[in-house]
Amino acid sequence: MNILVTNDDGINAEGIEVLARAILDAGHKVIVSAPNVENSGKSHAITFKHPLMVQKVELEGLKDVPCLCVYGTPADCVRAAVHLIDDKIDFCFSGINSGFNSATNVLYSGTVSAAIEANLFGIPAIAVSAQWKKGHSKYEAAARVALEVFDKLDNFSTVQVLNINVPYAEYENLKGIKVCKVGKDVMSIYDVSEDEEGYNMKLKGFPEAAKDVESDINYLMENYATVSPLLYDVTNMTLINELKEMLGDN
């Protein structure tokens, strides 16, 4: 298969090289399209008020792999590949992100948004994230989980976006892989300090509240890798007919 690999940590990030190498070793063709610098937390932003700069580059660890360095967001990277690469793209992997993209963090994640952007162009996609701990992530374990899931998908036409998170553990030490829902926990704890210029707010983490035992964030804390299928249709079909009746739209 012809597989696009992108991320939000930047084209020189360790995670994207590990993932691309694992996909190559599995016998697939790889195209890399990634931001020139880290774009974490950019969600689904795109560049449209000025031209998008894209450069062909060669990465030391991925010689002979077509690589695009994009001076834009993760979603821009997918758009650049779709428009500049001649070969049809069969699948997209986004990652491996340094740090979980679990619970409501999927709304802010550039990694997840790049996967969703691929699907908007008809390309099935997997977003992959690995827990950041001790200044590092277990990228090799995350890549192995991602390819294990990918190899078991037998009907790409039914797949929209899968979101994979992997704890900080060697593959052999994981309890397994859980298919689960995305938690509702909001990363909302800040360290706040004040100086003469105003307040400085540094995002710290999730509240220590009771977790939904069937959610990704709970299983990750129990040392499972998680897989969550995502939807991005923003229309509330449950309420659309009720709203039509309220507004007299017959």
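Quick notes
- Residue tally, condition open to solvent by less than 70 Å² (accessible area, probe 1.4 Å) and farther than 23 Å from Ser137 by Cα, over the stretch 189-199: 3
- Residue within the stretch 52-66 that is open to solvent by less than 80 Å² (accessible area, probe 1.4 Å), modelled with pLDDT of 95 or more and in contact with a Ser or Thr (Cβ under 7 Å, 6 or more places away or on another chain) present: no
- Residues satisfying the stated conditions in the stretch 122-136, i.e. of a type outside the set (A, V, I, L, M, F, W, C) and either within 24 Å of Glu214 (Cα to Cα) or crowded, with 24+ Cβ neighbours inside 10 Å (or both): Ser129, Gln131, Lys133
- Residue in the stretch 70-87 that is of a type in the set (D, E, K, R) and in a loop (DSSP other than H, G, I, E, B) present: yes
- Residue within the stretch 153-162 that is crowded, with 24+ Cβ neighbours inside 10 Å, outside any loop (DSSP other than H, G, I, E, B) and in contact with a helix residue (DSSP H, G or I) (Cβ under 7 Å, 6 or more places away or on another chain) present: yes
For every residue, the table says whether it meets (1) of a type outside the set (A, V, I, L, M); (2) open to solvent by 50 Å² or more (accessible area, probe 1.4 Å).
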site	(1), (2)
Ser43	yes, no
Gly72	yes, no
Val78	no, no
Ile85	no, no
Phe93	yes, no
Glu117	yes, no
Leu120	no, yes
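- Restricting Asn218, Asn165 to residues that are at pLDDT 90 or above and more than 30 Å from Arg21 (Cβ to Cβ) narrows the list to Asn218.
- Residue within the stretch 29-36 that is touching a strand residue (DSSP E or B) at 6+ places or on another chain (Cβ under 7 Å) and surrounded by fewer than 16 Cβ atoms within 10 Å (Cβ to Cβ) present: yes
- Meets criteria (open to solvent by 90 Å² or more (accessible area, probe 1.4 Å) and either in a strand (DSSP E or B) or modelled with pLDDT of 90 or more (or both)) for Glu208: no
- When residues of the stretch 95-115 are limited to those that are assigned to a strand (DSSP E or B) and at pLDDT 95 or above, the one surrounded by the fewest Cβ atoms within 10 Å (Cβ to Cβ): Ser98
- Pick from the stretch 226-250, criterion among the charged types (D, E, K, R) and open to solvent by 100 Å² or more (accessible area, probe 1.4 Å), ranking: farthest from Asp216 (Cα to Cα): Glu245
- Count of the stretch 42-55 residues which are over 22 Å from Ile123 (Cα atoms) and touching a strand residue (DSSP E or B) at 6+ places or on another chain (Cβ under 9 Å): 2
- Single residue of the stretch 169-186 satisfying the filter (in a loop (DSSP other than H, G, I, E, B) and within 11 Å of Glu222 (Cα to Cα)) that is most open to solvent (accessible area, probe 1.4 Å): Lys175
The values are calculated or read from the model by the stated rules, or taken from the named source; none is laboratory data. Everything quoted here is computed from the prediction, not taken from an experiment. Here the Cβ is made from the backbone with ideal geometry for all residues, glycine too, and neighbour counts use every protein chain on show. We work out accessible area using only protein heavy atoms, side chains counted, and drop any ligands, DNA or RNA first. Shrake-Rupley method; radii C 1.70, N 1.55, O 1.52, S 1.80 Å.
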